[in-house]
Ligand code: PLP
């Protein structure tokens, strides 16, 4: 835990969907690349450069292995290293639309479809492209669990879609989407499919090559790797327009000196996830289920949001309609680190577009809490967290004179 927090009182961390602590083994792998092995991966004329370039190749293999991005042994799909998922998403959406939109005949607009509960990095980019007059934006329906309507998707594909952007799992309610089925549908109708895998890669199986995904974004800080380092995997033959110009690095698609320590860390995090994901996620789901059961036993009005049979193992999204979350957080803050909105949006915890999209009523919206667990969460922390939450709930009810 952080030196800052451990010096004081340390709240139990239940905000893994905002960011995960870095695995100490990832840090260990990164450290040499800050000092002795500090070369620039583009320096082709000396050993320092070769060492850095080799480390990047190794990280690419580790990442490709996690998400099945090898065409056949030794041959990978192009992989663009970025500063995180937000940049990967911008490169995917803007890069694809700006490359392909001018090639359309003038009879129709480029059609881009997405879900209303995607991360803001997707939604705001898509809306900006719409404002620029480059795309017709289609917002697909979701149900009360946040699930997609596959029949509606197929109807839209039949009418002609050029690009489909659907996340693999939602960052607030944890709903997991049927990516394999969606990729197959998109392929059947010759539509490019971009998948934001930020919350899902390393937590659930994703098979880029086998499922036929066109573009896949991911980020290090959701899988026990470093912040500020992510990637976009691009299906071989897919053309994108660069968004950052300069020295022509990375096939000219993303200029800039590579962040070698960060990339090494992301690669190591992927290797660890490939080896440990299954066991870690099963354990995390057990702890999550225990927490949910304890809260349900003591808080009769508790609502569990999202798609319970198909949600991320570490996600527990709740609403307590009679108690506004700001009041509850007042009691909880010193003891529990959790979220009332999604931290990745900004410092502002405005009412969530995800919860509005699934149709929560005003009380359920005001009483919403996201708890998210991960591989370092312990059984003892879960028991304590349940005690703290139940106690805070009772204090809040007493304050509101509800009991
Ligand atoms: N997409 C999703 C689903 C996320 O949860 C996040 C959260 O941070 C992002 C994109 C943005 O990722 P990054 O922080 O790496 O830019």
For the chain, the longest principal axis of the Cα atoms and the Cα long axis of helix 120-131 enclose an angle in degrees, to the nearest 10, of 60
Using the alpha carbons of the range 122-253, what is the convex hull volume per residue in cubic angstrom, as a whole number? 132
Here the range 198-238 gives, from Cα atoms, an Rg and Dmax in Å of 11.0, 31
Taking the 0 to 90 degree range and rounding to the nearest ten, how far is the long axis of helix 260-298 tilted relative to the main principal axis of the chain, both from C-alpha atoms? 20
Cα gyration tensor of the chain diagonalised, 5x eigenvalues square-rooted, in angstrom largest first, produces semi-axes 36, 28, 17
One would report the Cα pair-distance distribution of the range 244-403, bin width 5 Å, in %, as 1, 8, 14, 17, 16, 13, 9, 8, 6, 4, 2, 1, 0, 0
Could you state the principal axis extents of the C-alpha atoms in the range 18-163, from the largest down, to the nearest angstrom? 55, 38, 32
Compare 112, 103, 369 in a GNM of the chain, Cα atoms joined below 10 Å, and give the one with the largest fluctuation. 103
In the calculated pair distance distribution of the range 199-276, what percentage of Cα-Cα distances lie above 17 Å? 53
Provide the descending list of Cα extents for the range 294-344 along its principal axes, expressed in whole angstroms. 31, 30, 17
Helix 47-66: inclination vs the chain longest Cα principal axis, degrees, rounded to 10, gives 60
MRE, 222 nm, helices only [DSSP H, n ≥ 4, -39500 (n - 2.57), over the chain, to nearest 500]: -12500 deg cm²/dmol
For the range 122-170: rounded, prolate or oblate by the Cα gyration tensor [a/c cutoff 1.5]: oblate
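Laboratory data are not the source of any read-out in this text; all were calculated from the coordinates shown. Keep in mind that this is a model prediction, so the values were computed, not measured.
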